[in-house]
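The values are calculated or read from the model by the stated rules, or taken from the named source; none is laboratory data. Everything numeric in this text was worked out from a predicted model, so none of it was measured. Note that we place each Cβ from the backbone using ideal geometry, even for glycine, and neighbour counts take in every protein chain shown. The area values use the complete protein model at the heavy-atom level, side chains included, leaving out ligands, DNA and RNA. Shrake-Rupley method; radii C 1.70, N 1.55, O 1.52, S 1.80 Å.
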Amino acid sequence: MKNTLNIGKLQFYWRMRSDLESEPNVVPDFVDFSFSFDPVNQLIIQQKNENTLEYLDIIYKENYNVGYLQEGHALANLYGDDFLNFLLEGIQKHNPTTKKVSEIGAGGCFILNQLKEQNFSVQAIDPSPISIESGKKLGIEIIEEFYPCDKNNISSDLIFHYDVLEHVEDPVAFLNHNYDDLDEGGIVVLAVPDCTKYIEYGDISMILHEHINYFDESSLKNILDTSNLTVLEIRKSNYGKVLYCLAKKENGSKPIILKPNERKFDKFKIDILKLKNNILTHIREEASQGRTLGFYIPLRALPYLSLLKNREDFSIRFFDDNPSLKNTFFDGFDISVENMEGLVSKPVDTLYIFSEAFGGKIKNKILDQTSNINICILNDFITF
């Protein structure tokens, strides 16, 4: 099909294991992944795969939380505080009488609890064991359903969701349910991963099977414009690669009708093949010279490593600054995650950093402590 691109079997990331022997995976370690395209909204999407959807339904009910916004996560305050500031600023500017707040996909209720402490009336819609347990601990009402709710009315002044819209099959329908559940003049505040640069470069490091939609600024605006909501603001986050959006329920607003265009996806397919080949060729050549290889922020490297044939014959190590990942394993890879100290005390020959957001900063941080490593970042492989 013209509007599809098969990538191959990629690691199905959803958790970290503490060891290789216990905690068997409830879904396959590697699952087929293909891109598709919504030419009207200019949205890069994951091609519908019934197996993937079945596996996602299974893991969403497991007692794991893969998001940043949970108590104790090393990045919770950095990401959470930035989004909370955007949300509170939006309330003040666009709906200062807000009292009733609902969060969809609340995870550990990290942001919702802070709003509760500021005397907002809060509730969460999330069937996951993590949310249910967090709600009991924090005294927050949890509607134990997937959204939209069948049994409960969540009429609210504000609905917000962080890292949710990229997971849903029909984002326009989802936002229209938000519209229906808002009181008149109510607002929606949302955050999604910012895939703008990844799409521009054709970088598959952005891939997660959990993510159905891969938003850049234009496609996010298009999705909102074709819903019943009125877009008031779209902004890049101050930390990481996240897009924030604020939209409002207004009388008389009508969806915008857009015309389809295929050119964006045609370019995207060409760029993916080019970048993927550049990266995999370099890795193979380094390994053929007997060099030890390291991958910093390994989650970004997993899509490429999944496609690396005979990867078990390569000398590979993983590194990450997140202390909660130290000595843990990704499903499908028997490589323990190390920290910066492990890299400095026992360097690899060649280190890859595929983080578009933090690659340069991590490289400089490493070079401040050791100069005995050949470091490759994503930009080294991008050709125009």
- Task: Scan segment 368-384 and report the pairs whose first residue is under 21 Å from Arg291 (Cβ atoms) and of a type in the set (Val, Ile, Thr) and whose second residue is outside any strand (DSSP E or B) and open to solvent by 80 Å² or more (accessible area, probe 1.4 Å), with Cβ atoms within less than 6 Å and a gap of 6+ or a chain change.
- Result: none
- Using the structure shown, decide if Leu305 is in contact (Cβ under 8 Å) with a residue 60 or more places away in the chain, of a type outside the set (Phe, Trp, Tyr), buried (at least 20 other Cβ atoms within 10 Å of the Cβ) and over 30 Å from Glu21 (Cβ atoms). no
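Yes/no matrix, rows are residues, columns are (1) out of contact with any Ser or Thr (no Cβ under 6 Å at 6 or more places or on another chain); (2) among the charged types (D, E, K, R); (3) surrounded by 15 or more Cβ atoms within 10 Å (Cβ to Cβ); (4) in contact (Cβ under 8 Å) with a residue 12 or more places away in the chain:
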{"residue": "Ile234", "(1), (2), (3), (4)": "yes, no, yes, yes"}
{"residue": "Leu243", "(1), (2), (3), (4)": "yes, no, yes, yes"}
{"residue": "Lys274", "(1), (2), (3), (4)": "yes, yes, yes, yes"}
{"residue": "Gln289", "(1), (2), (3), (4)": "yes, no, no, no"}
- Considering residues of segment 324-339 that are closer than 17 Å to Phe12 by Cβ and assigned to a loop (DSSP other than H, G, I, E, B) only, the residue most open to solvent (accessible area, probe 1.4 Å): Asp334
- Give segment 267-293 a look and list any residue that's out of contact with any strand residue (DSSP E or B) (no Cβ under 9 Å at 6 or more places or on another chain) and either among the aliphatic types (A, V, I, L, M) or part of a helix (DSSP H, G or I) (or both), or say none. Lys267, Ile270, Asp271, Lys274, Leu275, Asn277, Asn278, Leu280, Thr281, Arg284, Glu285, Ser288
- Task: Quick one: count up the residues across segment 31-62 that are of a type outside the set (D, E, K, R) and open to solvent by 50 Å² or more (accessible area, probe 1.4 Å).
- Result: 5
- Message: Yes or no: segment 130-148 includes at least one residue that is within 22 Å of Leu229 (Cα to Cα), touching a strand residue (DSSP E or B) at 6+ places or on another chain (Cβ under 6 Å) and among the aliphatic types (A, V, I, L, M).
- Response: no
- Which ones in segment 15-24 are outside any strand (DSSP E or B) and crowded, with 16+ Cβ neighbours inside 10 Å? Arg15
- Check off (1) in a loop (DSSP other than H, G, I, E, B); (2) over 20 Å from Leu305 (Cα atoms) for Val27 and give me the number that stays unchecked. (2)
- Message: I'm checking my understanding of the structure. Among residues of segment 113-141 that are in contact with an Asp or Glu (Cβ under 8 Å, 6 or more places away or on another chain) and over 21 Å from Glu62 (Cβ atoms), which one is surrounded by the fewest Cβ atoms within 10 Å (Cβ to Cβ)?
- Response: Gln123
- Residues of segment 87-138 being touching a residue at least 24 places away in the same chain (Cβ under 8 Å), part of a strand (DSSP E or B) and of a type in the set (A, V, I, L, M, F, W, C), which ones? Val101, Ile104, Ile125
- Item | Ile142 being on the phi < 0 side of the Ramachandran plot, of a type in the set (A, V, I, L, M) and touching a Phe, Trp or Tyr at 6+ places or on another chain (Cβ under 8 Å) | no
- Task: Look at Glu217 and say whether it is touching a residue at least 12 places away in the same chain (Cβ under 8 Å), within 22 Å of Phe33 (Cα to Cα) and of a type outside the set (Lys, Arg).
- Result: no
- Task: Could you list, in sequence order, all residues of segment 308-322 that are open to solvent by 20 Å² or more (accessible area, probe 1.4 Å) and outside any loop (DSSP other than H, G, I, E, B)?
- Result: Arg311, Glu312, Asp313, Ile316, Arg317
